[in-house]
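To start, the structure itself, in structure tokens.
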Amino acid sequence: MSDQPLVQPVSTVTLTFNDTNETIELPVLKGTDGHMGIDIRKLYDKTGFITYDPGFTSTGSCYSGITYIDGDNGILLYRGYPIQQLAEKSDFIESSYLLINGELPSKEEKADFAHRITRHTMVHEQLSDFYRGFRRGAHPMAIMVGVVGALSAFYHDSLDIDDHEQRDVAAHRLIAKMPTLAAMAYKYSLGQPFIYPQNKLSLVENFLNMMFAVPCEPYELNPVMVNAMDKILLLHADHEQNASTSTVRLAGSSRANPFACIASGIAALWGPAHGGANEAVLNMLQEIGDKSQIKKYVERAKDKNDSFRLMGFGHRVYKNYDPRASVMRKTCHDVLNQLGIKEPLLELAMELERVALEDDYFVERKLYPNVDFYSGIIFRAMGIPTSMFTVIFAVARTVGWIAQWREMIEDPSQKIGRPRQLYTGSPLRDYVPINKR
Ligand code: ACO
């Protein structure tokens, strides 16, 4: 492992310890966006000091060339391309190729990539036995954590992380099998038979077919739903070093196999402060119930003695409108119009957004709707149950997790992730026998 930074230092900062007047010079690194980072890797060795940053709000854990976010200006780029352009002109498969390989594919490269993914959509037949071991009412995310981790028990020929080709195969397998596993989790909760993937269908068509088709009658794919699902997957595909991606990287830094790493990402995504938020948004809108109740709930969200928060509002990085939320808002209107659905929750959501964005509390803290604010309403219109929302997020984010995991494996400066701590426990003491306590 090399200690040489991929980016050469552009300057230094000097840290002075006021107690001793000692100083230490630390290199300053500059990203392509102009942001500066202080390279503190030698800090502990040279001084015995560590940095304290719970939640990693000021800590960069890696170099990355995949996704860029400018939270103050509401900008999100995949490999340099604005998310709005990709949502309008690209599709999930093409954007997946872009995230993983760094460049947009040629026509042939795209067709080849789509073909490879299609050829990996089926899962080992014995994997379906795993599902039968879960309680029927199990949350599909609980099932996903288990079965995705279990993939490493089935695909031994793609576990060698030092072999470039095996990394490729594992990546294709994960992207291809996630929709199949997700649809199986849904079918299991309904007590319906699993539907096999069909190679004549695209990844998104297959996903919807495996979720909604039944063996006893034909299922007609609705292009409005196919298009909306494609957009949702594309918008959620990557988001730089968020909690679940950092979890995947941390697990991967110990050289765990890719299937285990992605399972750890699914576990981290599950929480309501992260991927579980769209499920929480819909529950919140249902709880609010009526426009007349909005003011009361906004007051509760502002009250520090009340644990209630406006779900779908606020973001660690965006201090402006989440660019994905704007696309999602429009998609939401399009889907409801095209499907001819009148959804009172959408009206409620828009009014809640209006009230919150005019409130000083939200304005001062720069709390804007995030991507999850509207996605739950689209899912509901598509007939997708709340418990599947985060699972679909996991299907999309698998692409980003893989791209980030591969980047980490191929980065010579990466080491096992091992944060330090400020110890606040008892000083050294002697063991006291139980009869003397
Ligand atoms: N409702 C009410 N107040 C809020 C909210 C909210 N949704 N979000 C933040 N605040 C307040 C905080 O109480 C804090 O106030 P203070 O400065 O008076 O103490 C201030 O805004 C800053 O918030 P933090 O919690 O410090 O911000 P942080 O970056 O740690 O949290 C988070 C970001 C977790 C997303 C938070 O905004 C939140 O819980 N939002 C609701 C859950 C949600 O929608 N999550 C989805 C995130 S997007 C995704 O994962 C795809």
Report summary line: With +1 at each Lys and Arg Cβ and -1 at each Asp and Glu Cβ, the charge dipole magnitude of the chain around its Cα centre, to the nearest 20 debye, comes out at 1140
Report summary line: Counting only DSSP loop positions in the stretch 298-403, the GluC sites (Glu not before Pro) whose Cβ has at most 14 other Cβ atoms within 10 Å are E358
Report summary line: Taking only the Cα positions of the stretch 207-345, the convex hull volume per residue in Å³ is 165
Query - the stretch 1-87 - percent relative contact order, Cα under 8 Å, separation 6 or more - result: 15
Query - For the chain: Kirkwood Rh in Å [reciprocal of mean 1/r, alpha carbons] - result: 23.7
**Report entry** 3J(HN,Hα) from dihedral phi, the stretch 237-244, Karplus parametrisation 6.51/-1.76/1.60, rounded to Hz, x for glycine, proline
**Finding:** 5, 7, 7, 6, 8, 5, 4, 6
Report task. Give me the Debye-computed log₁₀ of I(q)/I(0) at q = 0.11, 0.21, 0.22 Å⁻¹ for the stretch 102-224, equal point scatterers on Cα only, no solvent, two decimals. Result -> -0.42, -1.25, -1.31
Query raised in the report: With each label point set 7 Å from Cα along the Cα-Cβ vector, what nm distance links H156 and H124?
Result: 0.9
Requested in this report: Place +1 on the Cβ of every Lys and Arg and -1 on the Cβ of every Asp and Glu in the stretch 300-423, take the dipole about the Cα centre, and give the residue among S307, L345, A381 whose Cα lies farthest towards its positive end.
Outcome: S307
Report task. Rank E410, E22, E220 by mean-square fluctuation in a GNM of the chain with C-alpha springs under 10 angstrom and give only the top-ranked residue. Result -> E22
Query raised in the report: Could you state the principal axis extents of the C-alpha atoms in the stretch 277-361, from the largest down, to the nearest angstrom?
Result: 43, 30, 23
Report summary line: Taking max minus min of the Cα coordinates of the stretch 1-89 on each principal axis, largest first, gives extents in Å of 59, 27, 22
Report summary line: FRET efficiency (I50, T14; Cβ distance; R0 22 Å; to 0.05) is 0.75
Requested in this report: Only helical DSSP H runs with n ≥ 4 go in: add -39500 (n - 2.57) per run for the chain, normalise by residue count and round the 222 nm mean residue ellipticity to 500 deg cm²/dmol.
Outcome: -15000 deg cm²/dmol
Report task. Could I have the simple spin-label model distance between Q293 and L104, label points 7 Å from Cα toward Cβ, reported in nm to one decimal? Result -> 4.6
Query raised in the report: Using bins 10 angstrom wide from zero, how does P(r) for the stretch 398-437 break down, in % of all Cα pairs?
Result: 20, 23, 17, 16, 15, 9
Requested in this report: Considering only Q421, Q192, Q85, give the residue with the highest GNM mean-square fluctuation for the chain, with springs between Cα atoms whenever their separation is below 10 Å.
Outcome: Q421
Report summary line: Hydrodynamic calc, the stretch 36-147: Kirkwood Rh from Cα pairs, then Stokes-Einstein at 37 °C with viscosity 0.692 mPa s, so D in µm² s⁻¹ is 174
Report task. Give the long-range amide H neighbours of V371: residues separated by 5 or more places, or on another chain, with amide H under 5 Å away, using H modelled in the peptide plane at 1.01 Å from N. Result -> A325
Query raised in the report: Over the chain, what is the relative contact order in whole percent, taking alpha-carbon pairs under 8 Å and six or more residues apart?
Result: 20
Query raised in the report: Any idea how far the Cα center of the stretch 306-333 sits from the one of the stretch 236-256, in Å?
Result: 22
Query - Kirkwood-type radius of the stretch 301-437, with distances r between different C-alpha atoms, in Å - result: 19.3
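Any read-out appearing in this document is the output of simple, stated calculations on the displayed coordinates, not a laboratory observation. It should be emphasised that the depicted structure is a prediction, and the values quoted were computed from it without experimental measurement. Cβ atoms come from the backbone with ideal geometry, glycine included; neighbour counts cover every protein chain shown.
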